[in-house]
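The values are calculated or read from the model by the stated rules, or taken from the named source; none is laboratory data. Note that the structure is predicted; figures quoted are calculated from it, not measured. Methodologically, a virtual Cβ is constructed for each residue, glycine included, from the backbone with ideal geometry; neighbour enumeration extends over all protein chains shown.
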Amino acid sequence: MQEKGTISIHTENIFPIIKKFLYSDHEIFLRELVSNAVDATQKIKRLSSLGQYKGGLGELRVEVAFDKDQKTITISDRGLGMTADEIKKYINQIAFSGATEFVEKFKDSKDANELIGKFGLGFYSAFMVAEKVEIQTLSYQEGAAPVRWFSDGSTEFELTDGTRSERGTDIILHVNAESEEFLEESRLREILNKYCSFLPVPIKFGTKSESEPDGEDEEGKPKSKQVEVDNIINNTTPIWTKSPSSLTDDDYIRFYQELYPFAEEPLFWIHLNVDYPFNLTGVLYFPKVKKDMDLKPNKIKLFSRQVFITDEVKDIVPEFLMLLHGVIDSPDIPLNVSRSFLQADGNVKKINTYITKKVGDKLSELYKKDRKAYEEKWPDIGLFVKYGMITDDKFFDKGKEFVLLNNTKSEHFTLDEYAEKVKPLQTDKDGNVIYLYATDPGKQDSFIQSAQARSYDVLVMEGPLDNHFISHLERKLEKTQVKRVDSGTADTLISKDETIASVLTEDQQASVKTVFEKTITKPGMNVAVESLSPDELPVTITMDEFMRRMKDMAAMGGGGMSFYGSMPDNYKVTVNGNHPLINRILSLEDETEKSKLARQAFDLGLLSQGMLTGAELTEFVKNSVSTLTGSKN
Ligand code: ADP
């Protein structure tokens, strides 16, 4: 048999386009060809099990070999093979139309990068790296003859008698000059590991034995026998293909380590398994994150029938779960389309919802099963739960059940439990329940103590998302306000009806105010004299909750907040008119002495807010020493 022909085409110069624009993703040729070989192998298995193929299957595996001298890469399978007619149909027409379709889409696409690499080019991707491609194949069909197909990447092809004696197909690539990197063992192994590690048919990787068993080479040295690189590179039954009931914790942990060799053990995992209304399997792991969000996203790997596709799962996994690890395998996610199409895809939306629900169910289950263990994991889990509740309303409703608040005494409460706990004491005169929190319990200690002196509870909100979480809570919970413990004096934080009588007359209050206003030169300090309990500090410096929150958000780059970022800091200086020290200041005759004590009281206020630093701190220490010594300066 000898046949020549021209591949029917609509677009001239298709190969130059493929070569040029797929530059960055050339390596996928191997994924495509190995996938085809695996498909052909699966097909013969199916035919055999259906009784449509009666011959022996033999050892079913795919082999990838390379020959540096001949500059070839060969992908061989013992699949169903092709007859001459099938080659004409599948390779000359169908495969080619796939490539043509790519080029057509490519022409219309506004962003070429979106398309490249998402579009499985199939068989013709071979021409990205090869100047000539040869197929040697023998069909499983009775009486079939071996066939050879050959093309030099132009639109011409040759179809002749082949040499293959066993059922199956060899795809032989004659690697082009620019693609010689793919003749390196390490490069090929890297690509196989990336895309083919979990294919369902064993993949053997090795060099073609390229030298005579004995003899001498041109330089007269004895030829060394080529060391055979010979091993199966893949795990054909990764755990996501198995039934959860057949797996132990160890299996999941071992698989995690296979995926991420250097990672710490995961906290827990979720096995995904659904076949209606879409097909999806996978295992998602919760990694240990702690407070610092130092984890890179994009750790979830997306597979389609065990072929690795990408680790950019941005539109498939809900944003708040991007920090999870693991694998998702779904043939129902369209891979060869642009991003915007993906976002609008019905299956993708359903998958998103499904994953969110599964994560919610798992958290709820863990919470109910062993609350204590759940609390211990909370520092790691909390971040996901809060992020989810902030960004996803449905998840907020679910998360209400298992989100935990923890206080300065390291006790944990659900939202309902906490509301019950603080309602009796922390309801203000307008009926609002006030939650108090600290972002830095060490620094805010004096404020925490004065809140606790009134038996108020103080939450700890020191996580990177807590700022947003607090605002979100306030919006969601009825008649509840959340205030940082140092945003007011304990009495103003939760204003009650009972007022503390003032020791000072109005005139005296005005006079105290003047003393402090004259003494304080720092900008942005607004003095007010109030009657607090004598147990409170003589001077308390606070920043309004709203203002501070806006500033914090501006600092984190919150949209539309930059206005607040540029505002100067503004503080309230509350002078406690009922404190004995203030009385003493009033009773002094000497203006300088008055001012000196006022300065010190103010500095103490700054000090307990961690705001006294540098030269001011040095000055304060000096003044205190002189006051304690009793010297007059
Ligand atoms: P796709 O795999 O998406 O169908 P390809 O261009 O990769 O597109 O392949 C076209 C067709 O060629 C396949 O559907 C299959 O029928 C046939 N084919 C490709 N490679 C092989 C192979 N190794 N063995 C048998 N048939 C193959």
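On the stretch given as segment 526-539, residues that are more than 15 Å from I585 (Cα to Cα), touching a strand residue (DSSP E or B) at 6+ places or on another chain (Cβ under 6 Å) and in a loop (DSSP other than H, G, I, E, B) total 2.
The residues on offer are K223, K299, K290, and the sole one that is at pLDDT below 90, closer than 25 Å to I203 by Cα and either surrounded by fewer than 19 Cβ atoms within 10 Å (Cβ to Cβ) or in contact with a strand residue (DSSP E or B) (Cβ under 9 Å, 6 or more places away or on another chain) (or both) is K299.
With respect to the conditions (1) closer than 16 Å to D77 by Cβ; (2) in a helix (DSSP H, G or I), F182 lacks only one, and its number is (1). Among the residues making up segment 572-607, a single one is touching a residue at least 12 places away in the same chain (Cβ under 8 Å), of a type in the set (S, T, Y) and surrounded by fewer than 20 Cβ atoms within 10 Å (Cβ to Cβ): S595. L272 passes every criterion in (1) among the aliphatic types (A, V, I, L, M); (2) within 15 Å of K362 (Cβ to Cβ); (3) modelled with pLDDT under 90 apart from (3). Taking segment 55-91 as the range and being within 12 Å of the ligand (Cβ to nearest atom), polar (S, T, N, Q) and closer than 21 Å to I203 by Cα as the test, the residues that pass are T74, S76. Listed by first and then second residue, the pairs linking a residue in segment 131-151 that is within 28 Å of H26 (Cα to Cα) to a residue that is among the polar types (S, T, N, Q) and within 11 Å of the ligand (Cβ to nearest atom), with Cβ atoms under 6 Å apart and 6 or more places separating them unless they lie on different chains, are T137/T169; V147/T137; R148/Q136. Among the residues of segment 439-470, those identified as aliphatic (A, V, I, L, M) and over 28 Å from the mean Cα position of the chain (by Cα) are I448, A451, A453, V458.
You will find that of G488, G442, the residue that is of a type in the set (G, A, S), in a loop (DSSP other than H, G, I, E, B) and surrounded by 16 or more Cβ atoms within 10 Å (Cβ to Cβ) is G488 and no other.
Scanning segment 38-52 for residues that are farther than 12 Å from Q141 by Cβ and in a helix (DSSP H, G or I) yields V38, D39, A40, T41, Q42, K43, K45, R46, S48, S49.
Screening the candidates S35, S125 for the property of being at pLDDT 90 or above, within 9 Å of the ligand (Cβ to nearest atom) and crowded, with 19+ Cβ neighbours inside 10 Å yields one hit, S35. In the set (1) surrounded by fewer than 18 Cβ atoms within 10 Å (Cβ to Cβ); (2) out of contact with any helix residue (DSSP H, G or I) (no Cβ under 7 Å at 6 or more places or on another chain), I448 fails one condition alone, (1).
Among all positions in segment 503-525, there is at least one residue which is part of a strand (DSSP E or B) and either surrounded by 15 or more Cβ atoms within 10 Å (Cβ to Cβ) or modelled with pLDDT under 90 (or both).
For segment 38-54, a residue qualifies if it is within 22 Å of I309 (Cα to Cα), out of contact with any Asp or Glu (no Cβ under 7 Å at 6 or more places or on another chain) and near the ligand (Cβ under 10 Å from one of its atoms), and the qualifying residues are V38, D39, K43.
Taking segment 442-501 as the range and being touching an Asp or Glu at 6+ places or on another chain (Cβ under 8 Å), among the β-branched types (V, I, T) and more than 26 Å from L604 (Cβ to Cβ) as the test, the residues that pass are T480, V482. Could you say whether any residue in segment 75-88 is touching a helix residue (DSSP H, G or I) at 6+ places or on another chain (Cβ under 9 Å), charged (D, E, K, R), surrounded by 21 or more Cβ atoms within 10 Å (Cβ to Cβ) and modelled with pLDDT of 65 or more? Yes, the conditions are met somewhere in segment 75-88.
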